[in-house]
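In what follows, a structure is listed as structure tokens, so that the remarks can point back to it.
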Amino acid sequence: MPGRKRISKADGSRLSKRSSGLDVVLGIDLGATKVVSALVAPDGTIVRHSGRHLHANDGPGGVIRTLVGCVEACLQGDPLPKAVGVAVAAQVDPRTGTVIHAPNLGWRDVPLARRVSEELGGVAVVVLNDARAATLAEWRFGAGKGAADLFCMFLGTGVGGSAVVGGRLLEGGSHALGEVGHLTIVVGGRKCHCPNWGCLEAYVGGWAIAERAREAARADPEAGATLVARAGVANQITAQTVFQVARAGDPLAGRLVRETERFLADGAVSVVNAFNPSLLVLGGGIVAGMPEFVPIVEAAVRARCQPPAAMAQVVVARFGENAPLVGAGEASRKR
Ligand SMILES: [Zn+2]
């Protein structure tokens, strides 16, 4: 593995053929189990990328060493670009680049921008929340390009969101604006992973769809037989298992999908009423696995939102799992 000293600031003259002529920046997506780095061109195209698994138990020092190793692998000996952006699933103060709280990494008050900058020879580093980074990618280059008011909802294992209002990406008083996965949609409903009950995420997040399906299969083993057979055992059922089995015509999986679309529609109607976006962008693995949710959400917005808000268009995100990388790179250009 190359030593850290090999990373030098870009002088623009030593970039390889694949990246020459492009004002590339480096985007990094720091998750709980892996980190991915990418060279990102000014049009949002990923020129080259590299990923590594990481162990949150290693603590900030170990995780940052893994991150630096990932950057070195991505650079392949090319100089480091002049700007670096890091997206992280965390509450982040983007002005200081401090991770205030990252539950999945077990971090509190980690000065990530400063520490990564030190490891990378003093290059400018910006750090931002991953949902905001993904929204920036969709706004600049993707499904939200050209819009001044949009809301992005990301439906993966959890449900996150972020708002652009009047051409500004909103932060909130403690950098947590847009957490619409935790809108209460069922009074006294299912326990969420947050302190609340009945949250949108507790019904339509990937973990929640899986949990609802496992419960249903256990409650009625005959009806759940196809789901369990596809997954191997009941506790291996995932949201994607539910979608696949529903497509094959299984009645129980079909019922779970229909329930999910009702919960999602309820949540989306509240989001559109609250933020009045001209575009509601839906992304994440749940939408990729069941794109049929998009027209159902749009129909609910048209029929049930306040009339001025009901005009919002509902569209699918352009970027998949690369959205935070592209957005992190873009954020680094703004410094
Ligand atoms: Zn919640």
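Every number here is computed from the coordinates shown, using simple stated rules; none is lab data. Small disclaimer: the values here were computed from a predicted structure and weren't measured. All Cβ positions, even for glycine, are placed from backbone atoms using ideal geometry, and neighbour counts span all protein chains on display.
Once the Cα-Cα distance is subtracted from the 0.36 nm per residue extended length, the VAL187 to ALA274 segment shows a gain of 29.4 nm. If the chain linking ALA223 and ARG168 were pulled fully straight, counting 0.36 nm for each residue of separation and taking away their Cα-Cα distance, it would gain 14.9 nm. Each of CYS70, CYS305, CYS194, CYS152 has some number of other Cβ atoms within 10 Å of its Cβ, and from fewest to most they run CYS194, CYS305, CYS70, CYS152. Over all pairs of distinct alpha carbons, what does the Kirkwood formula give as the hydrodynamic radius of region 255-335, in Å? So the Kirkwood estimate lands at 13.7 Å. Enumerate by residue number the GluC sites (Glu not before Pro) in region 185-291 meeting two conditions: DSSP loop (anything except H, G, I, E, B), and at most 15 other Cβ atoms within 10 Å of the site's Cβ. Loop-located and lightly packed - GLU222. Counted residue by residue at 0.36 nm each, then reduced by the alpha carbon distance between them, the extension gain from ASP43 to ARG108 reaches 20.0 nm. Put in line by how crowded their Cβ is, counting other Cβ atoms within 10 Å and starting with the fewest, SER174, SER332, SER162, SER278 read SER174, SER278, SER332, SER162. Average projection, convex hull of the Cα set of region 96-212: 9.0 square nanometres. Here the calculated FRET efficiency for ALA148 and ASN235, from their Cβ-Cβ distance with R0 = 45 Å, stands at 0.50, rounded to the nearest 0.05. The amide H of VAL92, built 1.01 Å from its N in the peptide plane, has ILE100, ASN129 as neighbours under 5 Å, considering only residues 5 or more places off or on other chains.
Placing a pseudo-label 7 Å from each Cα along the Cα-to-Cβ vector at ALA299 and ARG262 gives an inter-label distance of 1.4 nm.
Long hydrophobic helices in the chain, taken as whole DSSP H segments with a C-alpha length of 15 Å or more on their own axis and mean Kyte-Doolittle hydropathy at least -1.0: 59-75, 130-141, 206-219, 251-275, 293-304, 323-333.
Computed on the Cα atoms alone, the convex hull of the chain gives a volume of 143 cubic angstrom per residue.
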